[in-house]
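Enquirer: One structure is given below, represented as structure tokens, and several questions about it will come after.
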Amino acid sequence: MIKVRFFAMLKNKTGKEEVNLSVPDNITLEKLKAILKNEFPAIAEFIERKSIMISVNQEFATNTTIIKDGDEVALLPPFSGG
Amino acid sequence: MDLVRIQKQDFDINKEVELVKAASKSIGGVVSFLGAGRDISKGEQITMLDFEHYPGMAEKKLQEIRERALKNFNIIEMGIVHRIGEIDIGENIVLIIAAAQHRNDAFMACEWAIAELKRITPIWKRETTKKGEVWVEEHP
């Protein structure tokens, strides 16, 4: 089970702040993105965008990052702080 | 008080400068960047701002910016404060203070830090206009 968190516009589009998801253990972030696109079609096009960053356990992740049981994955729209 | 903070309440610029200056008597130049709530964005009138952050990660990234600034620039201390929640037009949003022996290092570190904050810190701004509320990234 992993936790997936949504922020800003992605929270509005999914209508959720976070969800717990059962996914196969030790999959890559690339595979997880495919699962997320199926689970949350409302944000599928955003997951595809290069401007959306994804963090795993609060560190920026890449497509080859391995997702383990208990991880916290967050979908981060382009930042606009400052 | 911590030099790096994310908070709802406003900050006092003089107090923040004193906090940074307390690091050393060798400080001879202090440069600050203050970001404030603007009433216009892409031609639209803005009436209110609201900032959301990723608790934990956003604080960590600001700490990381301070540590990298101290490592990569010839500065003595740096403070970073960012506000979250609802912010009225004209109110303070963010303050970066860089302190060095000499001004040039402080200017360079301060400019780098605000650019890096915008690039890597998970904070998002929502603007309220007459047409409704808009997350800023929806209009790249």
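Enquirer: Helix-only estimate, please: 222 nm mean residue ellipticity of the protein assembly as shown, summing -39500 (n - 2.57) across DSSP H runs of length 4 or more and dividing by its residues, to the nearest 500.
Expert: Per the formula, -9000 deg cm²/dmol.
Enquirer: For every other residue with a beta carbon closer than 11 angstrom to the beta carbon of residue A:18, add +1 if it is Lys or Arg and -1 if Asp or Glu, then tell me the sum.
Expert: Neighbourhood net charge equals +2.
Enquirer: Can you list the trypsin sites (Lys or Arg not before Pro) in the range B:1-99 that are in a DSSP coil and have 16 or fewer other beta carbons within 10 angstrom?
Expert: Taking the range B:1-99 and a limit of 16 other Cβ atoms within 10 Å, the loop trypsin sites (Lys or Arg not before Pro) found are B:8, B:25, B:38, B:42.
Enquirer: List the trypsin sites (Lys or Arg not before Pro) within the range B:85-140 that DSSP assigns to loop and that have no more than 13 neighbouring Cβ atoms inside 10 Å.
Expert: Loop-located and lightly packed - B:130, B:131.
Enquirer: Counting trypsin sites (Lys or Arg not before Pro) as exposed when in a DSSP loop with at most 15 other beta carbons within 10 Å, what is the longest stretch of chain A free of them?
Expert: A:17-48
Enquirer: Under a 5 Å amide H to amide H cut-off, with H placed in plane at 1.01 Å, what residues pair with residue B:45 once short-range neighbours are removed?
Expert: Those qualifying (amide H under 5 Å, at least 5 residues apart or on another chain) are B:130.
Enquirer: Compute the helix-to-body angle for A:29-39: its Cα long axis versus the longest principal axis of chain A, expressed 0 to 90° and rounded to tens.
Expert: Taking the Cα atoms of chain A, the angle to A:29-39 is about 70 degrees.
Enquirer: Here's a follow-up. Can you work out ³J(HN,Hα) from phi for every residue in the range B:9-19, in order, using Karplus 6.51 cos²θ - 1.76 cosθ + 1.60 and θ = phi - 60°, giving whole Hz and x for Gly and Pro?
Expert: 6, 5, 10, 9, 4, 4, 5, 5, 5, 4, 4
Enquirer: Just to confirm the filter: which GluC sites (Glu not before Pro) across the range A:1-64 are DSSP coil and have at most 12 other Cβ within 10 angstrom of their Cβ?
Expert: Sites meeting the loop and neighbour criteria: A:17.
Enquirer: Can you give the convex hull volume per residue for the Cα atoms of the protein assembly as shown, as a whole number of Å³?
Expert: Per residue, the Cα convex hull of the protein assembly as shown comes to 130 Å³.
Enquirer: Can you pull the Kirkwood radius for chain A, inverse mean 1/r over Cα pairs, to one decimal in Å?
Expert: Computed over Cα pairs of chain A, the Kirkwood hydrodynamic radius comes out at 12.6 Å.
Enquirer: Nearest 100 Å² is fine: what is the total accessible surface buried where chains B and A meet, probe 1.4 Å?
Expert: Summing both chains' loss of accessible area gives about 1900 Å².
Enquirer: Something else: Can you flag which of A:11/A:33; A:31/B:71; A:13/B:125; B:15/B:130; B:21/B:60; A:16/B:125 are past 28 Å Cα-Cα?
Expert: From A:11/A:33; A:31/B:71; A:13/B:125; B:15/B:130; B:21/B:60; A:16/B:125, over 28 Å: A:31/B:71; B:15/B:130.
Enquirer: May I pose another question? Relative to the first principal axis of the alpha-carbon coordinates of chain B, what is the inclination of helix B:57-72, with its axis defined by its Cα atoms, in degrees from 0 to 90 and to the nearest 10?
Expert: Tilt of helix B:57-72: around 40 degrees.
Enquirer: Net charge near residue A:47: determine it from the other residues with C-beta under 15 Å of the C-beta of residue A:47, scoring Lys and Arg +1 and Asp and Glu -1.
Expert: +4
Enquirer: So what J values fall out for the range B:123-130 if you push phi through Karplus, 6.51 cos²θ - 1.76 cosθ + 1.60 with θ = phi - 60°, rounded to Hz, Gly and Pro as x?
Expert: 10, 10, 10, 10, 9, 9, 10, 5
The values are calculated or read from the model by the stated rules, or taken from the named source; none is laboratory data. These numbers were taken from a predicted model, which means no experiment stands behind them. Virtual Cβ from ideal backbone geometry, glycine too; neighbours counted across all protein chains shown. Each accessible area value is taken on the protein alone, full model and side chains, heavy atoms only, with ligands, DNA and RNA left out. Shrake-Rupley method; radii C 1.70, N 1.55, O 1.52, S 1.80 Å.
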